[in-house]
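The values are calculated or read from the model by the stated rules, or taken from the named source; none is laboratory data. All of these numbers come straight from a predicted model, not from anything done at the bench. Note that we place each Cβ from the backbone using ideal geometry, even for glycine, and neighbour counts take in every protein chain shown. Just so you know, the surface numbers come from the protein's heavy atoms only, side chains and all, with ligands and any DNA or RNA stripped out. Shrake-Rupley method; radii C 1.70, N 1.55, O 1.52, S 1.80 Å.
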Amino acid sequence: MLITTAFFASVLALMFIKLSMNVIGLRRKNKVSLGAGGVDELDRAIRAHGNFAEYVPLSLFLMGALELNGAPLLLVAILGLLMVVGRYFHAKGINEPPPEFTNRVRGMKLTFASLGLLAVTNIAWIGYLFFSAQAIID
């Protein structure tokens, strides 16, 4: 079962809906059907939404792989929480009027940390499983 991944996928889906609603609301407010129409606030909202859509699927795939391969659920949860916090700070930061980039940078650092740790942890866990299986076979 993918209990931990399902939980974080659900939280991230709700965040995605919020980002989508921000874009829709700004499109209606500014009467822009395609693109940003030169509206800076809409451009930031579109990029927050798009950036979220670019990074979250890979993180959920890596979380699911780790969980399916039997990694400790607490480990998967910590890495999932790191992604949620990173995505929150990035969305908050990109939607703040420039030139304040603190939250945006913090969000990307946490996002990259989560992705990197998920990748490395998957590799390490697979190695652990492989060598554990070899020890049983021998």
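In this rough spin-label picture, where each label sits 7 Å from Cα along the Cβ direction, the ILE3-ALA133 distance is 2.5 nm.
Relative to the longest principal axis of the C-alpha atoms of the chain, give the angle of the C-alpha long axis of helix 73-95, reported between 0 and 90° and rounded to the nearest 10°. Between the helix axis and the principal axis of the chain, the angle is about 20 degrees. Once all protein chains are placed together, ILE46 keeps about 40 Å² accessible to a 1.4 angstrom probe.
The loop-placed GluC sites (Glu not before Pro) in the range 40-135, going by DSSP, that have at most 14 neighbouring Cβ atoms within 10 Å of their Cβ come out as GLU100.
Helix 3-30 and the long axis of the chain differ in direction by around 10°, with both axes built from C-alpha atoms.
Tell me the label only: which of [x] 37, 14, 11; [y] 31, 16, 12; [z] 39, 19, 12 is semi-axes √(5λ) of the Cα gyration tensor in Å as calculated from this structure? Read-out taken from this structure: [x].
The separation of the range 13-37 from the range 65-125, counted between C-alpha centres, amounts to 24 Å. With the cut-off at under 19 Å, measuring from each backbone N in the range 59-79 to a point 7 Å along the Cα-to-Cβ line of VAL11 picks out 59-68, 71-79.
Going by accessible surface with a 1.4 Å probe and the largest first, SER20, SER33 read SER33, SER20. Compared with the dominant Cα axis of the chain, that is its longest principal axis, helix 40-68 is turned about 10°. Grab the DSSP H runs of the chain that are 4 residues or longer, score each as -39,500 (n - 2.57), total them, divide by all residues and round the 222 nm result to the nearest 500 deg cm²/dmol. After summing the helix terms and dividing by residue count, I get -30500 deg cm²/dmol. Computed from label points 7 Å out along Cα-Cβ, the spacing between LYS18 and ILE78 is 2.5 nm.
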